[in-house]
Amino acid sequence: MSRLFRYIGHRLYTTWATFWFVLPFVLTYPLQLVLSRRPQWHRHLHTLNRTWSRLSIFMWGVPVKTVRASPLPVQQPYVYVANHSSYIDILLLFRTIPGWLNIMGKSSLAKVPAWGPIFGSAYITVDRDSAVSRGRAMVQARRTLEAGRSVVIFPEGRIGKQPGQLLDEFKDGAFQLAIAAGVPVVPITMPLNHRFMPDVPGGLRVRYSPLAIIVHEPIATTGLTAADAPRIKQRAYDVIASALQPEAGGVPEPSIWRQPARQRMPA
């Protein structure tokens, strides 16, 4: 009976969380569509996305622990690098990081019905398997920084294989970009997002779970050259990994309401 109640609870909470993620988008979709059509309106679109993120997380009812190692001047552009473990990573970043951000996401996000074209017009998309696409994305990111706007990059490139436990190898691009633009790198750790909404095959899986985000001290890049990128990359990797919570690693098990049939013992 407890298995059945747990299954019903998971289904109800998944429905609740999905509703409060989708509803704000549906209600603001016409405005988002309009704001996405002109670059000079994208700042307002980002404000709308930030509000959407905050509302969704608030309505999910999960506590969020935010740790900032030091105040970061909004006027200073940064390259934020964060671990990638869940579909809600972007929401938590939008909720937490101040200012008008640009974020680099995989090109498949731009193909999501309705929301995808809006994301693709306002932010940077990249096909990490294409050298041309990666180069174009870095040019866009460099121009963003030169305009005084911060950039968020997931240096793992995709959701990690062991979320919350181990980071995948970091790519060089974010660190080469920061050095070339002469802006600091700010490592960010999100150790629990995979407990709320993991990347799993076969559909959506949502579990009520506390969330946390740690914004670490910036790593200066002034006076560095491309030869320093591997060292900065390793330093950011170590900082982000240091705030993971391995005891909370792994993804939640699927919820089933029937007791699995016991295998017969061999005669």
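The values are calculated or read from the model by the stated rules, or taken from the named source; none is laboratory data. Since the model is a prediction, treat every value here as computed from it, not as a measurement. Backbone-built Cβ (ideal geometry, glycine too); neighbour counts: all protein chains shown. The accessibility values were calculated without ligands, DNA or RNA, using every heavy atom of the protein model including side chains. Shrake-Rupley method; radii C 1.70, N 1.55, O 1.52, S 1.80 Å.
Annotations for the structure displayed:
- Qualifying residue in the range 236-251 (condition: in contact (Cβ under 8 Å) with a residue 12 or more places away in the chain, over 12 Å from residue 85 (Cβ atoms) and assigned to a strand (DSSP E or B)): no
- Qualifying residue in the range 161-178 (condition: buried (at least 23 other Cβ atoms within 10 Å of the Cβ), within 27 Å of residue 68 (Cβ to Cβ) and of a type in the set (S, T, N, Q)): no
- Test for residue 32: is it assigned to a helix (DSSP H, G or I), closer than 23 Å to residue 94 by Cα, out of contact with any Pro (no Cβ under 7 Å at 6 or more places or on another chain) and open to solvent by 70 Å² or more (accessible area, probe 1.4 Å): no
- Residue in the range 227-247 that is of a type in the set (Gly, Ala, Ser), under 27 Å from residue 131 (Cβ atoms) and open to solvent by less than 10 Å² (accessible area, probe 1.4 Å) present: yes
- Residue in the range 87-102 that is touching a residue at least 40 places away in the same chain (Cβ under 8 Å), small (Gly, Ala, Ser) and over 28 Å from residue 165 (Cβ atoms) present: yes
- Residues of the range 180-192 classified as surrounded by 21 or more Cβ atoms within 10 Å (Cβ to Cβ) and not hydroxyl-bearing (Ser, Thr, Tyr), total: 8
- Exclusive hit being over 22 Å from the mean Cα position of the chain (by Cα) and either within 21 Å of residue 204 (Cα to Cα) or in a loop (DSSP other than H, G, I, E, B) (or both), set 55, 12: 12
- Some residue of the range 132-151 being farther than 28 Å from residue 22 by Cβ, over 17 Å from the mean Cα position of the chain (by Cα), surrounded by 21 or more Cβ atoms within 10 Å (Cβ to Cβ) and hydroxyl-bearing (Ser, Thr, Tyr): yes
- Checked against (1) among the charged types (D, E, K, R); (2) under 30 Å from residue 253 (Cβ atoms); (3) open to solvent by 80 Å² or more (accessible area, probe 1.4 Å), residue 3 passes all but condition (3).
- Of all the residues in the range 92-127, those that are charged (D, E, K, R) and touching a strand residue (DSSP E or B) at 6+ places or on another chain (Cβ under 7 Å) number 1.
- Single residue of the range 55-78 satisfying the filter (touching a Phe, Trp or Tyr at 6+ places or on another chain (Cβ under 8 Å) and surrounded by 13 or more Cβ atoms within 10 Å (Cβ to Cβ)) that is modelled with the lowest pLDDT: 72
- Whether a residue is hydrophobic (A, V, I, L, M, F, W, C) and either over 28 Å from residue 243 (Cβ atoms) or touching an Asp or Glu at 6+ places or on another chain (Cβ under 9 Å) (or both) was assessed, and residue 8 passes this test.
- Whichever residue in the range 204-224 is open to solvent by 50 Å² or more (accessible area, probe 1.4 Å) and out of contact with any helix residue (DSSP H, G or I) (no Cβ under 7 Å at 6 or more places or on another chain) and, among such residues, is farthest from residue 13 (Cα to Cα): 223
- Residues that are of a type outside the set (Val, Ile, Thr), within 20 Å of residue 17 (Cβ to Cβ) and open to solvent by less than 60 Å² (accessible area, probe 1.4 Å) within the range 85-118 comprise 85, 86, 89, 91, 92, 93, 94, 109, 114, 115, listed in sequence order.
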